[in-house]
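See below for the structure under consideration.
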Amino acid sequence: MSVTRRQFIQIGGAALGGGAIASGLASRWWGLDRNRVEDPGTDGDRVVASYCELCFWGCGVLAHVKDGRVTKITGNPDHPLSRGMLCPRGAGATGLLYDPDRLKKPLIRRQKRGEDVFEEVSWDAALNRVGEGLLEVKRKYGPESVALFSHGSGGTWWKQFMKAWGSPNIGAPSYAQCRGPREAGYLLTYGTPLGSPEPIDIANARVITLIGSHLGENMHNTQVQELAEAVGKGAQLVVVDPRYSVAAGKARYWLPIKPGTDIALLLAWMNVMLEEKRYDAEYLEKYAAGLDDLKAHVADKTPEWAYPITGIRPELIRETARFIAAARPASLIHPGRHTTWYGDDTQRARAMAILAALLGSWGRRGGYVAHNKMGLPPFPGVKPPPHGAKGVADKPKTGGYPIAGEVIASGLCDASVPGHALYDLKAWLVYGCNVMQALPNRKQTTEAIQHLDFIATIDVLPAEICGWSDVVLPECSYLEREDDIAAPAYKRPFLALRQEVVPPLYDSKPGWWMAKELAGKVGLAEYFPWKDAREYVDARLRAGGHDVAKVRETGVVLGKQVATCEEEGLPIQLETESKKIELRSEELAKLGFDPIPQYYPQEEGPPGHFRLLMGRTPTHTFGRTVNNRLLAEPYPENEVWVNAEVARSLPGFDQPLQNGERVFLVNQDGARSGPVKAKVTERIRGDCVFLVHGWGQKAKKLGYAYGRGGSDTELVTRYKVDPIMGGTGMNVNFVRIEPAGRSA
Ligand code: SF4
């Protein structure tokens, strides 16, 4: 059954305004504040295929161009991730392209870091300054003392630069601040991390359990389309969330769990499935190790045990356990994405992975399926970069993060603070990620930056980190540049092309050009032996035997459809040392951690405080899109969700808190947000509040977003480090609510 656009938008939270952008761009000019962003929404004379970068997902787009301007962006029907449709953010990419606040010229700092006073300079002057800054650090401390923070597909060029430079210190907040615990949990259980896009078969699942995932607000296009398709075929949802999310609104069961107690619920579900023999015994016999240990471990973790912990009634725990088990193996426990909550997150991910094993869903249709990559030869004759010394992830601050699969971005920050046990970093390159908001503990980030010998930032917009940099290099948006070929592992392997749709605006440049020029200035030209990115990409395509002209027309190369699950003839393969699903992890036992997940209570907040939870809205990718005038139309600023009952009797309020009234949030350490609107609602528990991440921008040059909404980053003054992989659990902060005046 195909998914209609309407179904997609319904699932994607049209009630929150998400659908308005996707469907309503046509024939409009958006006039907002001091500038207008043109969005005719009409067909162009020319259509260029590329792939989107309004988030990392990488959907295929068709960009229409008329009279030199991009007039409309639609989904590429040939691209497996977009399947002809885009999410609201992707459709609103011209809001980034024509953002009046874009960085327009290279900048060199002329006042103290953080004062945001710069001089516009030529590219030659800017790159000379970056080259000198880096070489000086290299001379004094060695190449490993430079770190790269990177996010997005354009980071490829900078990673190549850093590897050639000789530093392994390349980190992305998307690991230790987001998906890392999940990767570690599944690695320990099945022997392989999940990666992106997650290898799950939503479309064929009969029951989909979302535990802390607000898919539909978290708008990963293909997954939302598949969710709509599954629901269209009769799939049922079980949603575990303290908040009545968009997905909860479509669910057969909503379990409004007390935040921080998910492991208890997962253990109780296992208890019911094992006690009532609702698990896949044959599958576990064949593929798993440690079943007896698991049975003994959860024998006393009954629904009655879990009830006072989670707040979920025992009969509802039993009923949902039976419901989830009845659909096995096509019963999908969605692994989630932003998984850094409480510092015990690898163990929670392990519990989810073990539950999936009881359902026999790993390697099966409607569960976890195999993804494959399409290979492509490297550029002919390119010199492989030297290997640097070990990165700071290998010498962590508190006894080791033994299962960390990638460099810990917050560890790079730690390693830049004098006096810290890891201290050895002296310079940063920051590509496409505003570390002021992406890293926890902004105070420490600021301190680290103040001690650096040199910092340069490459970005499209004047994000806050630019104001703290010595040099700012303005990159053009994805619609104005070529990048490396995308070749992610997927159900059907594919290659996708990023192509320049229109020439770079202002004096911005593509990342490949900057990295290549800079390499030339610091003696690394041999690692960038191609004329430009187009020559680089075309040579790789030709070496792979592809028809370059055809690929440039369609934007995509589809690989062979291969078997992805047991039902299609693919045997179940496990990459753990035991070659079994490790229900009990011997590796964790050896390292001194619980071999089977255990529930430990989380600390409660001070009286009168509410746990601060963070998440997404369908029209935004955190701080990356908050200045986009098109995407601001349906969602101009974030609000703090406050339970309606709680709102009636908040201390310090002489009358009930009203919907739309502005409040301040003040955390347990006295940190304050700016004034933020309250969304008074029955759709959230009374012991927590919720904010969409990315708002409350402090960068004054973001003409639209500056000062709008509330910043959760300001309120995250504490975090709990996951001792297994180094993730930073940030849901450990509590806020009280103060009135900020009665005018909304
Ligand atoms: Fe672009 Fe949306 Fe796809 Fe992300 S999910 S790549 S923003 S269309």
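Out of all the residues in the range 505-526, is one or more closer than 30 Å to PRO197 by Cβ, touching a residue at least 24 places away in the same chain (Cβ under 8 Å) and among the β-branched types (Val, Ile, Thr)? No - not one qualifying residue is present in the range 505-526. Check the range 445-458 and report whether any residue there is assigned to a loop (DSSP other than H, G, I, E, B) and buried (at least 23 other Cβ atoms within 10 Å of the Cβ). No: zero hits. The criterion of being farther than 21 Å from ALA699 by Cβ and of a type outside the set (Lys, Arg) does not hold for GLY623. Take the residues of the range 46-72 that are in a strand (DSSP E or B) and within 23 Å of the chain's Cα centre (by Cα): which is farthest from the ligand (Cβ to nearest atom)? Out of the qualifying residues, it is SER50.
Scanning for something open to solvent by 40 Å² or more (accessible area, probe 1.4 Å) and in contact with a Lys or Arg (Cβ under 7 Å, 6 or more places away or on another chain), does the range 527-550 turn up at least one residue? There is no residue in the range 527-550 that is open to solvent by 40 Å² or more (accessible area, probe 1.4 Å) and in contact with a Lys or Arg (Cβ under 7 Å, 6 or more places away or on another chain). Yes or no: LYS698 modelled with pLDDT under 95, within 23 Å of the chain's Cα centre (by Cα) and open to solvent by 40 Å² or more (accessible area, probe 1.4 Å)? The answer is yes for LYS698. Scanning the range 306-341 for residues that are assigned to a helix (DSSP H, G or I) and either under 30 Å from the mean Cα position of the chain (by Cα) or closer than 30 Å to GLU183 by Cβ (or both) yields ALA306, ILE309, THR310, ILE317, THR320, ALA321, PHE323, ILE324, ALA325, ALA326. Pairing residues of the range 599-626 that are more than 30 Å from TRP305 (Cβ to Cβ) and among the aromatic types (Phe, Trp, Tyr) with residues that are within 16 Å of the ligand (Cβ to nearest atom) and open to solvent by 30 Å² or more (accessible area, probe 1.4 Å), at Cβ distances under 7 Å and at least 6 apart in sequence or on separate chains, gives PHE622/HIS693. Scanning the range 83-92 for residues that are over 18 Å from the mean Cα position of the chain (by Cα) and within 11 Å of the ligand (Cβ to nearest atom) yields ARG83, MET85, ALA91, GLY92.
Scan the range 81-91 and tell me whether some residue there is in contact with a Cys (Cβ under 7 Å, 6 or more places away or on another chain), under 20 Å from TYR704 (Cβ atoms) and not charged (D, E, K, R). Within the range 81-91, one or more residues are in contact with a Cys (Cβ under 7 Å, 6 or more places away or on another chain), under 20 Å from TYR704 (Cβ atoms) and not charged (D, E, K, R).
Each residue in the range 461-484 was checked for being open to solvent by 10 Å² or more (accessible area, probe 1.4 Å) and more than 30 Å from TYR423 (Cα to Cα), and 3 pass. Screening ASP78 against (1) buried (at least 22 other Cβ atoms within 10 Å of the Cβ); (2) within 16 Å of the ligand (Cβ to nearest atom) leaves a single unmet condition, (1). Here is a check on your reading of the model: is ASP654 farther than 24 Å from ARG337 by Cα and at pLDDT below 95? So ASP654 fits the description; yes. Among the residues making up the range 610-635, those that are over 14 Å from the mean Cα position of the chain (by Cα), closer than 15 Å to ALA93 by Cα and in a loop (DSSP other than H, G, I, E, B) are THR619, VAL626, ASN627, ASN628, GLU633, PRO634.
Does PRO634 satisfy the criteria of being modelled with pLDDT under 95 and out of contact with any strand residue (DSSP E or B) (no Cβ under 9 Å at 6 or more places or on another chain)? Yes: the conditions hold for PRO634.
Residue pairs whose Cβ atoms lie under 6 Å apart, sitting 6 or more positions apart in sequence or on different chains, and linking a residue in the range 46-68 that is more than 16 Å from CYS476 (Cβ to Cβ) to a partner that is away from the ligand (no atom under 16 Å from the Cβ) and part of a strand (DSSP E or B), are ARG46/VAL65; LEU62/VAL47; HIS64/VAL47; HIS64/THR71. From the list GLY155, GLY142, the lone residue that is open to solvent by less than 10 Å² (accessible area, probe 1.4 Å) and of a type outside the set (Phe, Trp, Tyr) is GLY155.
Which ones in the range 95-111 are within 13 Å of the ligand (Cβ to nearest atom) and among the hydroxyl-bearing types (Ser, Thr, Tyr)? Hits for the range 95-111: nothing passes. Checking every residue in the range 425-437 against the condition of being closer than 22 Å to GLY729 by Cβ, at pLDDT 90 or above, within 22 Å of the chain's Cα centre (by Cα) and small (Gly, Ala, Ser) gives zero matches.
In the condition set (1) in a loop (DSSP other than H, G, I, E, B); (2) under 26 Å from PRO106 (Cα atoms); (3) among the small types (Gly, Ala, Ser), GLY419 is compliant with all but (2).
Using the structure shown, decide if LYS295 is in contact with a helix residue (DSSP H, G or I) (Cβ under 7 Å, 6 or more places away or on another chain) and surrounded by fewer than 19 Cβ atoms within 10 Å (Cβ to Cβ). When the stated conditions are applied, LYS295 passes them. The residues of the range 92-115 that are open to solvent by less than 10 Å² (accessible area, probe 1.4 Å) and not in a loop (DSSP other than H, G, I, E, B), listed by number, are THR94, GLY95, LEU97.
How many residues does the range 173-185 hold that are open to solvent by 20 Å² or more (accessible area, probe 1.4 Å) and of a type in the set (Gly, Ala, Ser)?
1
The values are calculated or read from the model by the stated rules, or taken from the named source; none is laboratory data. If you're wondering where the values come from, they're calculated on a predicted model, not measured in any experiment. With ideal geometry, Cβ positions are generated from the backbone for all residues, glycine too; neighbour counts draw on all protein chains shown. All accessible areas refer to the heavy atoms of the entire protein, side chains included, with ligands and DNA or RNA removed. Shrake-Rupley method; radii C 1.70, N 1.55, O 1.52, S 1.80 Å.
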